[in-house]
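Shown next, in structure tokens, is the structure this report addresses.
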Amino acid sequence: MPAHRHRLRFLAALVGLRPAAAGFSTAAPARGCPLHAELARRGAPAVAALALYSRIRAAASPTPYTFSLLLTSLACSSPRCPPSHAAAAAGLAHAQALKCGALAHTVVTNCLLKLYCALGLLPDARRVFDTAGAAVLDVVSWNTIVSGYGKSGDLEAAREVFVRMPHRSLRVFDQMMEAGFKPDAVVVVSLLKACAHLGAVEMGRWVHRFLRAEGFGRRPGNVMLETALVDMYCKCGCMEEAWQVFDGVRSHDVVLWNAMIGGLAMNGHGKRAIELFRKMLEKGFVPNESTFIVVLCACTHTGHVDEGKEVFRSMGAHGIEPRREHYGCLADLLGRAGRMEEAESVLLDMPMEPHASQWGALMSSCLMHNNIVVGKRVGKKLIELEPDDVNGLWEDAKAVRQVMEERGAKKETGLSFIEWNGLVHEFRSGDTRHPQTKLIYALLEDMEQRLQLIGYVKDTSQVLMDMDDEEDKGSTLSYHSERLALAFGILNIPHDMPIRIVKNLRVCRDCHVHAKLVSKLYQREIIVRDRHRFHLFRDGVCSCNDYW
Ligand SMILES: [Zn+2]
Ligand SMILES: [Zn+2]
């Protein structure tokens, strides 16, 4: 039996609790009850609080109020308690609340979340959070778990939960602020990361103003915040603002440099990204593994093949062993530039086994450059990686595609986000959830007819291009998510403002053509950030020169 279970049973015996299920009463809140009053004083050590609870249970059935008092009391006493002891007490109270059905009450669930977070038991808090129904959770619950992760230093998890917040908008944050929530640096970083992820630049700017007003910028050692700001502005395509923040930073670190270099690369300023990398080296900063990823990406986006190869070769001189990702970047750089054989030998010769996705990327390049010889070899490789697939099916790329489809190539759902009026609107392909659905589809139909007049033909020939990270082409009847977002933008966003869309996957060729023509027909500036880069559509052309 694990030690903590022993302790649990010991504690239960100590306070006279038997594991039998307790009844749960929703009777009077027991505010006048002296036992509850004692429990509310919160000064008691864990064992005393549990003993009080036990007496309450013997005298009358505990209520949600009882549990909120008990859990809060345990949280208050936890700093004076040995950690294992406090954890056992929390587990016991949790089990009792569960048995009584008290966790159906938001207040009780929140108290339990706070208790686990206070004890640093984030996995337990997360379990409570994940098993609670959506109806039980409120702003306080979300806030508790986000800052719990933040305080424990798990920023990635904080962000992950934050971005799953329903209506991840200023509204949630406003509510949090109204509820007296003071965001600390950790929460602000998660907020900025959420803005970056969703391309919500208005909200991001608001956070920036908030930071300035709070004087965050004047404190030293806030390079983490500044990096988050740079990253947010870059990911929203606002390079001038990103530069302003970057230039204003007093003490740069390598993470900040990486954010700026990566941001430039993503926004199509590959040359400036490489220049900034050189400057970073001149200033004596030591690049890390991520630096080389973003620099290689910059070379790929601008077709600087020789420069990229040189950067790759220089990794050793900086004491960095290239990892699988670096080899993948190099192969991608060569493949996209049409140097398929070289790319193939990079993947064949690398010291570790390439991922199927890396072969898949090379396959895309082969199709793009119509290199059937290498394409066939790569196709075989792709199928070899999954030996249970039907062999001998691949006379051509189409068969490979078919096999991949049958394999159910784990496709992500295509999602597009567009920010308007302090809200982030989310669209899936063929989505009908949005309140303006009827208007959106009517506009898209009208759009299609008008576009046909200026020569738009639905591009189905590029089905083969759909290799790794584009939206599913199967559903020809429904519209890809970015088109729905685009129609929403045209309907709602004033003519003099650009339409900014963020998409989680790569934009497909057909949607790319479509967006170019829409920018011309409607005289709108359209900015789409897809998984790989930015596209600025203006007057019928795209900033990427159809290379992405
Ligand atoms: Zn598309
Ligand atoms: Zn483009």
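The values are calculated or read from the model by the stated rules, or taken from the named source; none is laboratory data. Because the structure is predicted, anything quoted here is derived from the model rather than measured. Quick reminder, even Gly has a Cβ in these numbers, built from the backbone with ideal geometry, and neighbours come from all protein chains shown. For the accessible areas, the whole protein counts, side chains as well, though only heavy atoms, and no ligand, DNA or RNA atoms are used. Shrake-Rupley method; radii C 1.70, N 1.55, O 1.52, S 1.80 Å.
Key figures for this structure:
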| quantity | calculated |
| --- | --- |
| Exclusive hit being among the hydroxyl-bearing types (Ser, Thr, Tyr) and touching a Gly at 6+ places or on another chain (Cβ under 7 Å), set 291, 227, 302 | 302 |
| In the range 270-321, the residues that are in contact with a helix residue (DSSP H, G or I) (Cβ under 6 Å, 6 or more places away or on another chain), among the charged types (D, E, K, R) and farther than 22 Å from residue 243 by Cβ | 307 |
| Hits in the range 450-475 (condition: open to solvent by 70 Å² or more (accessible area, probe 1.4 Å), within 11 Å of ligand 1 (Cβ to nearest atom) and modelled with pLDDT under 60) | 472 |
| Residue list for the range 537-548, restricted to those being over 17 Å from residue 364 (Cα atoms) and either of a type outside the set (Phe, Trp, Tyr) or within 13 Å of ligand 1 (Cβ to nearest atom) (or both) | 538, 539, 540, 541, 542, 543, 544, 545 |
| Those residues of the range 258-273 which are over 15 Å from residue 232 (Cβ atoms), open to solvent by 10 Å² or more (accessible area, probe 1.4 Å) and part of a helix (DSSP H, G or I), in sequence order | 271, 272 |
| Residue list for the range 515-536, filter: assigned to a strand (DSSP E or B) and within 16 Å of ligand 1 (Cβ to nearest atom) | 526, 528, 529, 535 |
| Within the range 490-547, considering residues that are of a type in the set (Val, Ile, Thr) and within 11 Å of ligand 2 (Cβ to nearest atom), the one surrounded by the fewest Cβ atoms within 10 Å (Cβ to Cβ) | 541 |
| Residues located in the range 71-88, provided they are at pLDDT below 90 and either among the β-branched types (Val, Ile, Thr) or not in a helix (DSSP H, G or I) (or both) | 81, 82 |
| Residue identified as crowded, with 17+ Cβ neighbours inside 10 Å and modelled with pLDDT under 80 among 17, 50 | 17 |
| Leading residue by the ranking (farthest from residue 145 (Cα to Cα)) among those in the range 89-107 that are open to solvent by 60 Å² or more (accessible area, probe 1.4 Å) and part of a helix (DSSP H, G or I) | 99 |
| Positions within the range 493-514 being more than 13 Å from ligand 1 (Cβ to nearest atom) and in contact with a His (Cβ under 9 Å, 6 or more places away or on another chain), in sequence order | 502 |
| Any chance residue 136 is assigned by the TED database to the domain that holds residue 55 and not in a loop (DSSP other than H, G, I, E, B) | no |
| Residues of the range 322-357 satisfying the condition of being part of a loop (DSSP other than H, G, I, E, B), out of contact with any helix residue (DSSP H, G or I) (no Cβ under 6 Å at 6 or more places or on another chain), under 29 Å from residue 286 (Cβ atoms) and open to solvent by 30 Å² or more (accessible area, probe 1.4 Å) | 323, 351, 355 |
| Members of the range 53-69 that are out of contact with any Ser or Thr (no Cβ under 7 Å at 6 or more places or on another chain), open to solvent by less than 10 Å² (accessible area, probe 1.4 Å) and free of Cβ contacts under 8 Å to residues at least 40 places away in the same chain | 66 |
| Residue match in the range 63-70 (condition: at pLDDT 85 or above and not in a helix (DSSP H, G or I)) | yes |
